[in-house]
Amino acid sequence: MKTYLVGGAVRDQLLDYPVRERDWVVVGATVEQMLALNYQQVGKDFPVFLHPQTRDEHALARTERNTAPGYKGFEVHASPEVTLEEDLIRRDLTINAIAQDEDGNIIDPYHGRADLQKKLLRHVSPAFSEDPVRILRVARFAARYAHLGFKVAEETRELMQNMVSNGEADALVAERVWQEFHKALTERNPQVFIEVLKICNALKTILPEIDALFGVPQPELHHPEIDTGIHTLMVLKQASLLTTDPATRFAALCHDLGKALTPKEEWPSHHGHEANGKLPVQQLCKRLRIPNEYRELALITAEFHLHVHRAFEIKKTTLLKTIEKLDGARKPQRYEQFLIACTADIRGRTGYESAPYPQADYYRQALDIIKGIDIQPLKDAGLVGKEMAAAIHTARLSALNNQLQAH
């Protein structure tokens, strides 16, 4: 019985990158032996155990055989006879198929270290094509390591394209797509996740609402980059520079979905795209079963981002109505997430990457004024229900008129 550190921990160690978790493979052991050593079994489809002290996952060395379309169609074989090399060859990328023994020696039968040096994401074997989730994983790793210069190997990109054209991506289920998509939104360059899916033709299948934006023009005066898809990627990149919050990044990604619905004869203008954007946001979130907090933030960002851009042009009454529709006083954290997404929208344009955005501070100042109003006198006056709501609205408007100054 021998235990090896495998996968991400070895990869990131070699990259001098923060190690998030440690996974181990155990060669030459049986389930009974693991249980006798007080490991706790957690795997249903194949034997995976938690170490009695560290709680790290330890999996018995195993082989896999594809028996049906999709990621569920696998027959797993785990036994003491399975070698380390047989276990490693079933992994997705060469950089994830490196092991380290208990003495610190590196075992690298598929040349993962060479690909780390070349900064290549390359599949280990043709078996890669048996699991469509690997398309998403490659895109996610590309997003994680883009700042280090990593690219998808040409032959892997071609294999991913073939998988898409063969319909393998159609077998992806919502939970697995969102799981990888969500992880990608937490990476340093989540826009690269979208780019890789686009390059291998998977974006149309997996995120058709995003894919539909490419090729849709915008007015060059406001959008030197012209293409709405390119603008969207730029906005996501800017959002990632402003916040690590995946919900805000998701809202930034979805803010312009309505532009894909503009009739071609109206291009490059997109009048009404804010309201039009709500339906595709709802469709996307429903299909992938995206959490409500993500959906709600994306919806208000799609509908109200132009209200913030036009902050200095609108009346105080319109400003107040917008803040009330955003429920800013009761949900200040979401209000801030929304303003960050709006800032990303302004900066996600060629030449505007460092543009100041005083409109967001104007909205922040307005909310502070509203929250500072003392409503106790209104309660003392016995106001309730609609009368109370009307009185609060009047007090808020008066305070904004008296205290809010444009930057």
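The values are calculated or read from the model by the stated rules, or taken from the named source; none is laboratory data. Quick caveat: nothing in here was measured; it's all calculated off a predicted structure. Ideal geometry is used to build each Cβ from the backbone, glycine not excepted, and the neighbour counts take in all protein chains shown.
Collect the residues in region 385-407 that are among the basic types (Lys, Arg) and touching a helix residue (DSSP H, G or I) at 6+ places or on another chain (Cβ under 9 Å), keeping them in residue-number order. Give the derivation first.
Quick first cut of region 385-407, residues among the basic types (Lys, Arg) only: 386, 396.
The one that is among the basic types (Lys, Arg) and touching a helix residue (DSSP H, G or I) at 6+ places or on another chain (Cβ under 9 Å): ARG396.
Hey, among LEU288, LEU257, LEU241, LEU297, which residue is aliphatic (A, V, I, L, M) and over 18 Å from CYS342 (Cβ atoms)? Spell out the reasoning first.
Numbers: LEU257 fails: over 18 Å from CYS342 (Cβ atoms); LEU241 fails: over 18 Å from CYS342 (Cβ atoms); LEU297 fails: over 18 Å from CYS342 (Cβ atoms).
Result: LEU288 is the single residue among LEU288, LEU257, LEU241, LEU297 that is aliphatic (A, V, I, L, M) and over 18 Å from CYS342 (Cβ atoms).
Just to verify a result, which residue in region 315-346, among those that are basic (Lys, Arg) and not in a helix (DSSP H, G or I), is nearest to MET234 (Cα to Cα)?
Let us first name the residues in region 315-346 that are basic (Lys, Arg), namely 315-316, 321, 325, 330-331, 334.
Okay, now just the ones that are also not in a helix (DSSP H, G or I), so 315, 330-331.
Details: LYS315: 31, ARG330: 31, LYS331: 27 Å.
Checked region 315-346; the qualifying residue nearest to MET234 (Cα to Cα) is LYS331.
What are the residues in region 141-190 that are closer than 22 Å to LEU242 by Cα, in a loop (DSSP other than H, G, I, E, B) and in contact with a helix residue (DSSP H, G or I) (Cβ under 9 Å, 6 or more places away or on another chain), if any?
THR186, GLU187, ARG188, ASN189 - these are the residues of region 141-190 that are closer than 22 Å to LEU242 by Cα, in a loop (DSSP other than H, G, I, E, B) and in contact with a helix residue (DSSP H, G or I) (Cβ under 9 Å, 6 or more places away or on another chain).
Assess whether GLY258 counts as being of a type outside the set (S, T, N, Q), in a helix (DSSP H, G or I) and within 20 Å of ILE300 (Cβ to Cβ).
Values: of a type outside the set (S, T, N, Q): yes; in a helix (DSSP H, G or I): yes; within 20 Å of ILE300 (Cβ to Cβ): yes.
Against the criterion (of a type outside the set (S, T, N, Q), in a helix (DSSP H, G or I) and within 20 Å of ILE300 (Cβ to Cβ)), GLY258 qualifies.
Does PRO246 qualify as being closer than 17 Å to GLU336 by Cα and either in the same structural domain as ILE346 (by TED's automatic domain parsing) or β-branched (Val, Ile, Thr) (or both)?
Values: closer than 17 Å to GLU336 by Cα: yes; either in the same structural domain as ILE346 (by TED's automatic domain parsing) or β-branched (Val, Ile, Thr) (or both): yes.
The answer is yes for PRO246.
Among (1) polar (S, T, N, Q); (2) farther than 27 Å from GLU220 by Cα; (3) surrounded by fewer than 19 Cβ atoms within 10 Å (Cβ to Cβ), where does THR350 come up short?
Evaluating THR350 over (1) polar (S, T, N, Q); (2) farther than 27 Å from GLU220 by Cα; (3) surrounded by fewer than 19 Cβ atoms within 10 Å (Cβ to Cβ) leaves (2) as the failure.
What are the residues in region 113-140 that are part of a loop (DSSP other than H, G, I, E, B) and at pLDDT 95 or above, if any? Walk me through it before giving the result.
Of the residues in region 113-140, the ones part of a loop (DSSP other than H, G, I, E, B) are 119, 122, 124-125, 131-132.
LYS119, ARG122, VAL124, SER125, PRO132, listed by residue number.
Report the residue count in region 282-301 for those that are under 27 Å from LEU172 (Cα atoms) and free of Cβ contacts under 8 Å to residues at least 60 places away in the same chain. Don't jump to the end; show me each part of the working.
So the first thing to find is which residues in region 282-301 are under 27 Å from LEU172 (Cα atoms), and the list is 282-299.
From what's left, free of Cβ contacts under 8 Å to residues at least 60 places away in the same chain: 282, 285-286, 291-299.
Number satisfying all stated conditions: 12.
For region 24-38, give me each residue that is buried (at least 17 other Cβ atoms within 10 Å of the Cβ) and either modelled with pLDDT under 95 or within 17 Å of LEU50 (Cβ to Cβ) (or both).
Initial filter on region 24-38 (buried (at least 17 other Cβ atoms within 10 Å of the Cβ)): 24-27, 29, 34.
Across region 24-38, the qualifying residues are TRP24, VAL25, VAL26, ALA29, MET34.
With the checklist (1) surrounded by 16 or more Cβ atoms within 10 Å (Cβ to Cβ); (2) β-branched (Val, Ile, Thr); (3) over 22 Å from the mean Cα position of the chain (by Cα) in hand, flag the one item ILE106 doesn't pass.
(1)
Are there any strands (runs of 3 or more DSSP E) wholly within region 1-112 with 1 or more residues that are β-branched (Val, Ile, Thr), and if so which? Please lay out each step first, then the result.
Details: elements: 2-6, 23-27, 48-50, 57-60, 62-66, 74-78.
Ranges flagged: 2-6, 23-27, 48-50, 62-66, 74-78.
Is there a residue in region 2-17 that is more than 23 Å from GLY112 (Cβ to Cβ) and either aliphatic (A, V, I, L, M) or in contact with a Pro (Cβ under 6 Å, 6 or more places away or on another chain) (or both)? Even if it seems obvious, please write down each step before you answer.
Going residue by residue through region 2-17, those that are more than 23 Å from GLY112 (Cβ to Cβ) are none.
No - not one qualifying residue is present in region 2-17.
Which residues, taken from region 347-395, are within 30 Å of GLY229 (Cα to Cα) and either touching a strand residue (DSSP E or B) at 6+ places or on another chain (Cβ under 8 Å) or part of a helix (DSSP H, G or I) (or both)? If you could, list the steps in order and put the result at the bottom.
Restricting attention to region 347-395, the residues satisfying the condition of being within 30 Å of GLY229 (Cα to Cα) are 347-364.
Hits for region 347-395 are ARG347, PRO358, GLN359, ALA360, ASP361, TYR362, TYR363, ARG364.
This table checks each residue for (1) touching a residue at least 24 places away in the same chain (Cβ under 8 Å); (2) among the aliphatic types (A, V, I, L, M); (3) over 11 Å from VAL138 (Cβ atoms).
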| residue | (1), (2), (3) |
| --- | --- |
| LEU159 | yes, yes, no |
| VAL164 | yes, yes, yes |
| ARG176 | yes, no, yes |
| GLU180 | yes, no, no |
| LYS183 | yes, no, yes |
| ARG188 | yes, no, yes |
| GLN191 | yes, no, yes |
| VAL196 | yes, yes, no |
